[in-house]
Structure formats: structure tokens, C-alpha cells
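S.K.: Take this structure, written in C-alpha cells, and hold onto it; I'll ask about it next.
The values are calculated or read from the model by the stated rules, or taken from the named source; none is laboratory data. Since the model is a prediction, treat every value here as computed from it, not as a measurement. Heads up, the Cβs are rebuilt from the backbone with ideal geometry, glycines too, and the neighbour counts pull from every protein chain shown. In case anyone asks, the SASA skips ligands and DNA or RNA and just uses the protein heavy atoms, side chains included. Shrake-Rupley method; radii C 1.70, N 1.55, O 1.52, S 1.80 Å.
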Amino acid sequence: MLKKIESARKNFEDDISKVTNPTTLEELRIKYLSRKGIVAQLVEALKEMPKEEKPKVGQALNQFKNFTSEKFDELRTKFESHSKSKREFIDLTLPDRQYTIGSKHIITQTLDEIKEIFKGLGFSVYEGPELESDYNNFEALNFPDDHPARDMQDTFFVTKNFLMRTHTSPVQIRLMTEKKPPLRAIMPGKVFRNEAISAKSYCLFHQVEGLYVDTDVTFAELKGTLVAFAKQFYGQDVQYRFRASFFPFTEPSAEMDVWWQPKGKDGRWLEVLGCGMVDPNVLLNVGIDPEKFVGYAFGMGVERTAMLKYAINDIRILFDNDKRFLTQF
Ligand code: DAH
């Protein structure tokens with residue numbers, strides 16, 4: 001009898017080690033602990049034992065019985081707490097996960113605004129590639145090989161003859177080569193300069209180039225167009241001035257400054273764009289007869305323009321993608 005109990009215990013241990021879910025646990029309970037289960041059968045057998053053996057066997061049987069029900073309870077609680085924690089996980093009262101919707105970057109917004117204003121002034125929008133030939137970026141724009149103006153721009157050369165454009169002016173060349181005048185377009189895009197990064201300069205920024213070529217374009221029209229732009233962009237009461245300047249691709253050339261007045265601090269003039277009458281050499285380079293056609297051109301930095309308008313004092317913040325900054329616009 002003791003041996004029977006011992007082997008029943010071994011079987012039970014073996015069986016219970018294979019239990020993985022409440023269903024198999026219940027099958028095991030029926031097999032061992034139900035009214036006709038193995039434990040009950042052993043209790044029946046105990047009754048037939050000789051009197052003097054009963055206490056010893058009875059004790060062993062009791063131990064077995066306690067052992068089985070203990071193990072059984074242990075597993076049942078384990079399964080119950082498991083399913084309970086699962087139920088708590090599906091909490092239908094929890095609010096939905098919030099997804100934030102992105103918005104246009106302040107530079108894109110500024111570009112859009114500039115485009116809208118110039119579209120209103122009769123300009124179309126034309127784009128060129130960021131990887132440009134040395135010819136389009138410098139040569140055709142009247143920068144000779146050894147011209148000191150080339151030093152004004154620290155260029156990222158990709159090969160000897162190809163570079164990351166340092167300004168959007170080469171798009172003028174592309175436009176005038178591809179299409180016949182009259183031409184009136186703005187050319188927005190990214191430009192690249194191999195400059196030390198600081199609060200004022202970054203290796204990448206945006207420009208908007210403008211070009212108007214026709215038979216009777218004047219400097220007065222250029223000024224009128226830029227003033228109309230500045231009033232729409234910065235506000236009707238914007239203060240501006242034009243200064244004589246130099247660019248290889250325009251003659252005469254000028255720069256436009258806008259008065260910058262931070263609250264409670266000293267104001268100053270800030271240069272916002274370069275401009276001028278297209279140099280006859282540039283027209284010759286693209287096969288347009290300078291005796292017949294004249295043009296004006298201008299180019300402005302978008303970051304500079306946005307920083308001025310929104311009082312941003314460090315250009316790097318425009319490229320950081322910090323949501324605390326971006327969500328302010
Ligand atoms: N390309 C010049 C620059 O990057 C800006 C510029 C000046 C563009 C005068 C023009 C212009 O079209 O006429 O600094």
C-alpha cells in the first residue's frame with residue numbers, strides 16, 4: 001500500500017509538471033481529487049487494511065492528499081492572477097493614444113509666403129538641381145576662373161567640375177538657356193556653403209532667386225517690385241534702403257537693407273537681398289541678345305528673412321528639429 005501511494009505521488013508530480021492551462025489543471029483535479037479519483041480510491045483501499053497498519057498508511061495517504069491539493073491550489077491561483085492581469089490590461093475607459101499631426105516647418109511657411117507674394121506680382125516658379133556644374137554656378141554668371149568673387153563663397157566641390165550650388169543664381173542660367181524671353185520667375189531652393197557653423201551661418205540654407213528679362217525692364221521696376229514685396233512680407237511700415245554693391249552677374253548692383261528693431265534694444269540695418277541689372281555678359285552666355293533684351297535679378301536668403309520677421313537670433317535652431325521650437329509656428 002505504501003508503495004502504491006509512493007508511485008501515485010510520482011505519477012502526480014509527473015502529471016502536474018505538464019499542466020500549462022486551466023483546462024488541463026481541471027482534468028488533473030478530476031483524475032486525482034474527484035469523488036472517484038485516485039486519492040478517493042486509495043482512501044477506499046485503506047479501509048480494507050489490517051487495523052495495525054492503518055495509522056502508518058493513513059498518515060502517508062494524508063500527506064499525499066495534502067500535497068496534491070496544495071499543488072493544485074497553487075497552480076489555480078497562478079492561472080487566475082494571470083487572467084486577471086490580462087483583463088485589467090484591456091481598460092476600455094482609457095483615453096485613445098494621441099497622435100500629433102505634423103505641421104509645416106517655419107522655413108517652408110516662409111518660402112510659401114514669399115512664393116505667394118511674387119506670384120501675385122506676376123512671377124512664375126522655376127526650380128533647378130542642388131548638384132550643379134561649375135559652369136552654371138560660376139562661369140556663366142561671369143565669375144572668371146581667377147575672379148576674387150569666387151573666394152566669397154566656400155564651395156563644396158563634388159568633382160572638379162561639379163559642386164553643391166552655392167547660390168540659386170545658376171537657375172537663372174538654366175531658365176534663360178531653356179526658355180525664350182520674356183521671362184519672369186522666382187527660383188527657390190537649398191544652397192550649400194562650406195562655412196564654419198555658428199549662430200549666423202550654417203552649411204545649408206535656402207535662397208529665392210528672381211529674374212525678369214524683357215525688352216524694356218528698368219532698375220526702377222526692380223526697386224518697385226522689391227519694395228512691394230518688403231511691404232507685403234514685413235508690413236506696410238517697413239523701413240528699407242538700397243545700397244550700391246557688386247556682383248559679377250549684375251551691373252549695376254545693389255543690396256537692400258531692412259531696419260531691424262528688437263523691443264527695448266538698439267535697432268540696426270540688416271541686409272536682406274542682393275539685386276541688380278543682369279550683366280550683358282551673362283545674357284551673351286545664354287544666347288540672349290543684350291542689344292535687344294534687358295533684365296533684372298535678385299536673390300534673398302530665406303533663413304535670414306524668416307529670422308528677421310520672427311525675431312529668431314540663432315540660425316542653427318532652424319535645423320535642430322526641436323519640437324518645442326517648431327510648434328510655436
Ligand atoms: N547670388 C547672390 C548670393 O548668393 C545673391 C544675388 C545677388 C542674387 C544679386 C542675384 C543678384 O540674382 O542680382 O549672395
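S.K.: Where Lys and Arg each count +1 and Asp and Glu each count -1, what net charge lies around residue 314 among other residues with Cβ under 13 Å from its Cβ?
M.R.: Neighbourhood net charge equals 0.
S.K.: Continuing with this model, one more query. Per residue of region 131-136, what does 6.51 cos²θ - 1.76 cosθ + 1.60 with θ = phi - 60° give for ³J(HN,Hα)? Whole Hz please, x for Gly and Pro, Karplus curve as stated.
M.R.: Each residue of region 131-136 in turn: 8, 10, 7, 4, 4, 5 Hz.
S.K.: So what J values fall out for region 270-287 if you push phi through Karplus, 6.51 cos²θ - 1.76 cosθ + 1.60 with θ = phi - 60°, rounded to Hz, Gly and Pro as x?
M.R.: With the stated coefficients, region 270-287 comes to 10, 6, 10, 7, x, 7, x, 8, 4, 4, x, 4, 5, 4, 4, 4, 9, x Hz.
S.K.: For region 2-89, what is the accessible area per residue in Å² when the probe is 1.4 Å? Display every interim value, and only then the final one.
M.R.: Details: 6700 Å² over 88 residues.
Value for region 2-89: 76 Å² per residue.
S.K.: Per DSSP H run of at least 4 residues, take -39500 (n - 2.57); add these up for the chain, divide by its residues and hand me the 222 nm value, nearest 500 deg cm²/dmol.
M.R.: It lands at -13000 deg cm²/dmol.
S.K.: For region 102-119, list residues with backbone N below 18 Å from a point placed 7 Å from the Cα of residue 310 toward its Cβ?
M.R.: 102-117
S.K.: Further question on the same structure: Might you tell me the accessible area per residue for region 267-329, computed with a 1.4 Å probe and given in Å²?
M.R.: Value returned for region 267-329: 49 Å² of accessible area per residue.
S.K.: Further question on the same structure: Residues with amide H under 5 Å of residue 124's amide H, sequence separation 5 or more or different chain, H placed in the peptide plane at 1.01 Å from N; which?
M.R.: 184, 185, 186
S.K.: What trypsin sites (Lys or Arg not before Pro) does region 232-325 have in DSSP loop regions with at most 14 other beta carbons within 10 Å?
M.R.: Values: sites: 241, 243, 263, 265, 268, 292, 304, 309, 316, 323, 324; in loops: 263, 265, 292.
Answer by residue number: 263, 265, 292.
S.K.: Ignoring any ligand, DNA or RNA, what whole percent of the accessible area of the chain comes from carbon and sulfur when the probe is 1.4 angstrom?
M.R.: 52
S.K.: Further, regarding this structure: Hey, could you get me the Stokes-Einstein D for region 106-326, Kirkwood radius over alpha-carbon pairs, 37 °C and 0.692 mPa s, rounded to whole µm² s⁻¹?
M.R.: Here the translational diffusion coefficient equals 183 µm²/s.
S.K.: With r as the distance between the Cβ atoms of residue 215 and residue 320 and R0 = 56 Å, compute the FRET efficiency 1/(1 + (r/R0)^6) and round to 0.05.
M.R.: Rounded to the nearest 0.05, the efficiency is 0.75.
S.K.: Between residue 162 and residues 5 or more places away or on another chain, which pairs have amide H atoms under 5 Å apart, with H built 1.01 Å from N, and which residues are they?
M.R.: 134
S.K.: Also, I was wondering about something else. For residue 200, list the lysines whose Cα falls under 16 Å from its own Cα; do not include residues on the same chain fewer than 8 positions away.
M.R.: Residue 200 reaches 309.
S.K.: Something else: Along region 57-67, what does the Karplus equation 6.51 cos²θ - 1.76 cosθ + 1.60 (θ = phi - 60°) give for ³J(HN,Hα), rounded to whole Hz, x for Gly and Pro?
M.R.: Each residue's phi maps through the Karplus curve to give 5, x, 4, 4, 5, 4, 4, 4, 4, 4, 4 Hz.
S.K.: What ranking, highest mean first, results for peptides 101-111, 275-285 when packing means the other Cβ atoms within 10 Å averaged over each residue?
M.R.: 275-285, 101-111
S.K.: Exactly which GluC sites (Glu not before Pro) in region 222-316 are in a DSSP loop and have at most 13 other Cβ atoms within 10 Å?
M.R.: Those that pass, being in a loop and sparsely packed, are 291.
S.K.: Turning to a different aspect of this structure: Once the Cα atoms of region 184-245 are picked out, what are the Rg and Dmax in Å?
M.R.: When restricted to Cα atoms, region 184-245 yields Rg and Dmax of 15.1, 43 Å.
S.K.: Beyond a 30 Å Cα-Cα separation, which of these cross-linked pairs lie in this structure: 47/71; 119/160; 115/160; 10/47; 115/265; 10/78?
M.R.: From the list (47/71; 119/160; 115/160; 10/47; 115/265; 10/78), the Cα-Cα distance tops 30 Å for 119/160; 115/160; 115/265.
S.K.: Under a 5 Å amide H to amide H cut-off, with H placed in plane at 1.01 Å, what residues pair with residue 167 once short-range neighbours are removed?
M.R.: Close amide H contacts, sequence-distant or interchain: 192.
S.K.: Then there is this: For region 153-221, which semi-axes, largest first and in whole Å, follow from the square roots of 5 times the eigenvalues of its Cα gyration tensor?
M.R.: Equivalent ellipsoid semi-axes, largest first: 28, 16, 8 Å.
S.K.: In µm²/s, what is D for region 16-91 at 37 °C and 0.692 mPa s, where D = kT/(6 pi eta Rh) by Stokes-Einstein and Rh is the Kirkwood radius from Cα pairs? Numbers along the way, then the final one.
M.R.: Details: Rh = 14.3 Å.
Translational diffusion coefficient: 230 µm²/s.
S.K.: Can you tell me what share of the DSSP beta bridges in the chain is antiparallel? A percent to the nearest 5 is fine.
M.R.: Numbers: 43 of 45 bridges.
Antiparallel bridges make up about 95 percent of those DSSP assigns within the chain.
S.K.: Let me ask another. Would you mind computing, in nm to one decimal, how far apart the modelled labels at residue 69 and residue 145 are, each placed 7 Å from Cα along Cα→Cβ?
M.R.: The answer from the label model is 10.4 nm.
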